[in-house]
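Notes follow once the structure below has been shown.
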Amino acid sequence: MIEFDIGDKFAELLREQLTAAEWETMCADNRTETDNNICHSHDYCDANMIMLNAMDEFGLSENDTDVWTTAWDYASIKYLCGE
C-alpha cells in the first residue's frame with residue numbers, strides 16, 4: 001500500500017531532521033498527548049514540509065489528501081509514538 005511506503009519515507013526523513021534527544025522527547029510527548037490533532041514533531045520542524053517531500057518522492061502532492069492522511073496516521077502510530 002503506497003500510503004505505508006510514504007509513511008515509512010516520512011518517518012525516515014523526519015528522523016534525519018531531529019537529533020536523537022529530540023526524537024525521544026517527541027515520542028514521549030506524543031504518547032502523553034490527549035488531542036489526536038496534535039503531533040509534537042511540529043515542535044522541532046515543519047513536519048508538513050517533510051511529509052510533502054515524502055509524497056513528492058512517490059509522485060504525489062498535498063492535493064492527494066486521503067493518501068496524506070493515511071500515511072500520516074500510519075507513521076504516527078508506527079514511529080512517532082516510540083512504540
Report task. Quickly rank 67-78, 33-44 as a protection proxy: mean count of other C-beta atoms within 10 Å, highest first. Result -> 67-78, 33-44
Requested in this report: Return the ratio Rg/(2.2 N^0.38 Å) for region 36-83, where Rg is computed over Cα atoms only.
Outcome: 1.12
Requested in this report: Can you send over the carbon and sulfur percentage of the accessible area for the chain, probe radius 1.4 Å, protein chains only?
Outcome: 46 percent
Query raised in the report: Using the heavy atoms of the protein chains alone and a 1.4 angstrom probe, what is the accessible area of the chain per residue in square angstrom?
Result: 60 Å²
Requested in this report: Any chance you could give the angle, 0 to 90 degrees and rounded to 10, that helix 65-78 forms with the longest Cα principal axis of the chain?
Outcome: 30 degrees
Report task. For Phe58, Phe10, write out the residues from largest to smallest accessible area, computed with a 1.4 angstrom probe and no ligands counted. Result -> Phe58, Phe10
**Report entry** Helix axis angle, 47-57 relative to the chain longest principal axis, alpha carbon, degrees
**Finding:** 30 degrees
**Report entry** Separation of the Asp73 and Ala28 label points, Cα + 7 Å toward Cβ, nm
**Finding:** 3.0 nm
Report summary line: Rounded to two decimals, the Rg over Rh value of the chain from Cα coordinates and the Kirkwood Rh reads 0.94
**Report entry** Crossing angle, helix 20-32 versus the chain [Cα axis fit, 0-90 degrees, rounded to tens]
**Finding:** 90 degrees
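The values are calculated or read from the model by the stated rules, or taken from the named source; none is laboratory data. Since we're looking at a predicted model, the values are computed, not measured. Neighbour counts run over all protein chains shown; Cβ positions are idealised from the backbone, glycine included. Calculation scope for accessible area: heavy atoms of the full protein, side chains included, ligands and nucleic acids excluded. Shrake-Rupley method; radii C 1.70, N 1.55, O 1.52, S 1.80 Å.
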